[in-house]
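Data first, discussion second: the structure below is written as structure tokens.
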Amino acid sequence: MKYIVSFFKAPIWNKLPLKTVSLFWVWLYVTMKWLQLGPDPDRDVSLVSKTERLRLITTDEAQRQFKGKNFDYITPAGIYTYCDDKSRVEYSDALCLDFDHLDDDSEAMKRKISAEELKTLLLADPYWGEQILLMFTSPRGHGLKVFLPIDLAKCDYKTWFNALRSYFMTTYGLGDKQVDSSVANESHACFISYDPLAYLRSDLYEFFI
């Protein structure tokens, strides 16, 4: 099934999925527009306050612990019975790149840019802009989660990941840490955080609200 992923309730050490969901469902969660549709016990009504609280924490380790304990997550690469690479049931035909440390102006990062500025550039990209499936600001507010379609009949997941990572690093002058290599594993967790301006490709809307 295209663009269907597994959804896991917090904390991060919970490795058993609650259900499978579409990227539209994820977008509804990220933007909190699902509240317009009525009660949903699987989604967290406190996502806004949790995102705000996370961004007020000043140390990386404290942020990491708070995020891991409090934020639900998905596996962008596909459907899993357990969150590890051996437990995949089906690929989603999507891949998530994690752009991070965008506002770090150290030499190692190569370029300082806001998440909103990069979002505008990516949507205007001549090769990938119109193909972006879903994009939202990362939980700590310094990066972007960018979901892209891939064709696994052409090459494997890791090859796609490395090629896309290299393309965006080269095209936009980003450093090694700004396009995270640690999420190359297929079962990596993508935390869901609040972003009222999250982008969803128009053909992925399942109904109008």
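The values are calculated or read from the model by the stated rules, or taken from the named source; none is laboratory data. Owing to the predicted nature of the structure, the values given are computational and were not obtained by experimental measurement. Heads up, the Cβs are rebuilt from the backbone with ideal geometry, glycines too, and the neighbour counts pull from every protein chain shown. SASA here: full protein model, heavy atoms, side chains in, ligands and nucleic acids out. Shrake-Rupley method; radii C 1.70, N 1.55, O 1.52, S 1.80 Å.
Per-structure values
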quantity: Sequence of Lys19, Lys86, Lys2 when ordered by accessible area, the most exposed leading, probe 1.4 angstrom; calculated: Lys86, Lys2, Lys19
quantity: 20 Å Cα-Cα reach of Lys19 towards aspartates and glutamates, excluding residues that sit fewer than 8 places from it in its own chain; calculated: Asp40, Asp42, Asp44, Asp72, Asp84, Asp85, Glu90, Asp93, Glu186, Glu206
quantity: Calculated FRET value between Ser202 and Val89, using beta carbons and R₀ = 30 Å, to 0.05; calculated: 0.60
quantity: For the chain, accessible area per residue (1.4 Å probe, heavy atoms of protein chains only), Å²; calculated: 48 Å²
quantity: Accessible surface of Asp151 - all protein chains present, 1.4 Å probe, nearest 10 Å²; calculated: 60 Å²
quantity: Solvent-accessible area, 1.4 Å probe, carbon plus sulfur percent, for the chain; calculated: 53 percent
quantity: Area projected by the alpha carbon convex hull of the range 27-95, averaged over all directions, nm²; calculated: 6.2 nm²
quantity: Computed accessible area, Trp34, all protein chains, 1.4 angstrom probe, square angstrom; calculated: 10 Å²
quantity: Angstrom value of the Kirkwood radius, inverse mean 1/r, which spans all Cα pairs in the range 63-177; calculated: 15.4 Å
quantity: Exposure rank, largest accessible area first [Lys119, Lys67; 1.4 Å]; calculated: Lys67, Lys119
quantity: Gyration tensor (Cα) of the chain, equivalent ellipsoid semi-axes in angstrom; calculated: 24, 21, 18
quantity: Stokes-Einstein D for the range 123-202, Kirkwood Rh over Cα pairs, 4 °C, 1.567 mPa s (µm²/s); calculated: 94 µm²/s
quantity: For Ile79, solvent-accessible area (1.4 Å; no DNA, RNA or ligand), Å²; calculated: 20 Å²
quantity: Solvent exposure, largest accessible area first (probe 1.4 Å, DNA, RNA and ligands not counted), of Leu16, Leu118, Leu204; calculated: Leu16, Leu204, Leu118
quantity: Residue-by-residue Karplus 3J(HN,Hα) for the range 139-146, coefficients 6.51, -1.76, 1.60, Hz, glycine and proline x; calculated: x, 7, x, 9, x, 9, 9, 10
